[in-house]
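The values are calculated or read from the model by the stated rules, or taken from the named source; none is laboratory data. Everything numeric in this text was worked out from a predicted model, so none of it was measured. Neighbour counts run over all protein chains shown; Cβ positions are idealised from the backbone, glycine included.
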Amino acid sequence: MSDNQAVIDALKAAVEAAPGNQALRAHLAGLLLEAGQFEDAVTHYRKALDAAPADSTLKAALAEAYLGAGKSDVARVVLDDLMRSSGAAPSALLRAARLYLRLESLPEAAHAYHQALVGDPSLTDSDLEDQVGNVPLEEHPPEKTESQRLTVVSTEEDGGPLIEVERPRITFKDVGGMDAVKEEIRMKIIYPLSNPDLFRAYGKAIGGGILMYGPPGCGKTYLARATAGEVQANFISIGLHDVLDMYIGQSEQNLHRIFEVARRQTPCVLFFDEVDALGANRADMRHNAMRQVINQFLAELDGVDTSNEGLLILAATNTPWYVDLALRRPGRFDRVLFVPPPDTVAREAILRIHMAGKPVERIDYGRLARETREFSGADLRGLVDRAVERKLHEAMRSGKPVPLTTQDLLFTIKETRPTTREWFDSARNYAVYANEGGMYDDILTYLKIRKNDLPQA
Ligand SMILES: Nc1ncnc2c1ncn2[C@@H]1O[C@H](COP(=O)(O)OP(=O)(O)OP(=O)(O)O)[C@@H](O)[C@H]1O
Ligand SMILES: [Mg+2]
């Protein structure tokens with residue numbers, strides 16, 4: 001061991017003297033990995049990868065170092081990235097398979113092992129053979145998730161956020177009700193994507209995005225995901241609070257990077273959540289810095305240096321009144337859509353989704369939907385959860401499972417206060433006193449407030 005340490009020390013000195021010698025550095029990293037000095041190994045593998053970003057052998061080794069250091073999430077990110085790249089070395093794929101096994105990801109391990117063997121049939125491994133030899137390949141476990149995770153692009157080196165690329169499985173069919181919003185999305189972004197020539201012929205500019213606003217938990221994110229599923233596009237969801245960095249200049253870079261990743265993944269729906277985070281009208285200490293970030297965002301939206309072709313941009317906020325006005329100019333988020341609490345049809349659909357797979361008696365969904373006015377999608381989910389919990393307690397006391405009934409749910413509804421009410425309390429004020437350009441007419445309509453009855457400005 002101490003012998004090895006002497007070699008390591010000598011190599012460290014050599015690498016320091018010749019920082020450009022990546023072969024030497026990779027060798028050092030390998031010894032560090034063997035010696036269990038994982039953090040150091042990570043550092044050197046990363047530097048080596050900076051010089052050769054596509055090197056699959058280095059990626060597999062980096063993943064192993066991360067795993068050794070106890071960072072299995074990051075290890076997985078690196079492995080997934082390796083698996084997505086084309087032309088990976090068979091030996092790197094084999095190593096990836098073993099690492100996936102350590103991460104207990106059998107389908108991924110099976111896939112990587114299979115790919116390794118395709119590249120080099122001599123690479124059989126009895127351990128892998130035993131554990132994943134029989135895992136069927138084509139049939140990835142048919143999860144009932146909303147999305148399939150495609151890849152995660154790491155910006156972690158710069159302390160930036162991780163960018164996750166998904167391939168949503170849900171489409172508009174899975175979204176109950178919300179017909180007006182769906183139609184707007186079709187007109188504004190789906191049709192232009194599928195019929196670009198037609199739109200050009202009428203001189204309609206393609207581009208710009210839709211800003212959705214409304215109370216929390218009412219399907220904005222869900223609908224954005226379904227939009228991507230509808231056009232079989234990739235989906236990237238970005239919470240802007242995560243992007244905004246304390247370090248001046250870092251937020252701009254983060255934003256730029258996100259757009260760059262999305263442009264490489266077209267067709268792609270790029271969804272920005274919490275766009276109110278970009279509000280310059282907020283009393284924000286970092287006022288000037290914020291201006292810069294907004295400008296960067298606008299430049300990216302306008303596609304100043306590059307084309308945004310094939311990029312569909314959606315955004316959402318619960319507090320549209322904080323969103324910077326510059327974002328609402330033509331060509332940007334010039335369509336601002338109110339996403340109201342789910343209507344009766346949507347509530348029934350949402351209830352069915354959340355009741356699926358639970359032990360139930362015949363449930364009167366229509367009745368439940370009628371009794372849950374003002375409930376958000378999230379409220380409805382909470383409702384089902386609480387009813388199930390109560391049933392579970394009962395079953396534990398009595399020792400036998402009892403199915404959920406309509407009565408159980410009605411009982412839980414009575415004790416629940418819908419969360420959308422609070423939102424409307426503040427939204428009402430903006431709609432009444434700050435309804436510039438009729439921006440919040442939809443809220444007034446929803447609240448059945450007639451414009452004529454309002455105080456004159
Ligand atoms: N119209 C709908 N059809 C089916 N399910 C829905 C619908 N609306 C909401 N849901 C369900 O409610 C959940 C919450 O919705 P979602 O997260 O999209 O709300 P949101 O408007 O983005 O909320 P927030 O403002 O808090 O981000 C969804 O995951 C989905 O299961
Ligand atoms: Mg959301």
Answer from V339, V345 - the residue that is loosely packed, with under 15 Cβ neighbours inside 10 Å, modelled with pLDDT of 85 or more and closer than 20 Å to I185 by Cβ: V345
Residue list for region 373-389, filter: surrounded by 14 or more Cβ atoms within 10 Å (Cβ to Cβ) and not acidic (D, E): F375, S376, G377, A378, L380, R381, G382, L383, V384, R386, A387, V388
Unmet requirement for M355, which otherwise passes all of (1) more than 19 Å from P216 (Cβ to Cβ); (2) of a type outside the set (G, A, S); (3) more than 16 Å from ligand 1 (Cβ to nearest atom): (3)
Region 1-22: number of residues that are more than 17 Å from L33 (Cα to Cα) and among the acidic types (D, E): 1
So D324, is it loosely packed, with under 14 Cβ neighbours inside 10 Å, within 28 Å of G249 (Cβ to Cβ) and among the acidic types (D, E): no
Test: residue in region 219-235 that is within 25 Å of I350 (Cβ to Cβ), among the β-branched types (V, I, T) and within 13 Å of ligand 2 (Cβ to nearest atom): yes
Selection within region 146-193 - among the hydroxyl-bearing types (S, T, Y), modelled with pLDDT under 70 and either more than 30 Å from D245 (Cβ to Cβ) or not in a loop (DSSP other than H, G, I, E, B) (or both): S147, T151
Failed condition for A262, given (1) part of a helix (DSSP H, G or I); (2) farther than 19 Å from L162 by Cβ; (3) hydrophobic (A, V, I, L, M, F, W, C): (2)
Subset of region 405-427 (residues that are under 29 Å from the mean Cα position of the chain (by Cα) and under 19 Å from Y322 (Cβ atoms)): T420, E422, W423, F424, S426, A427
Only one of R102, R76 that is of a type in the set (K, R) and surrounded by fewer than 17 Cβ atoms within 10 Å (Cβ to Cβ): R102
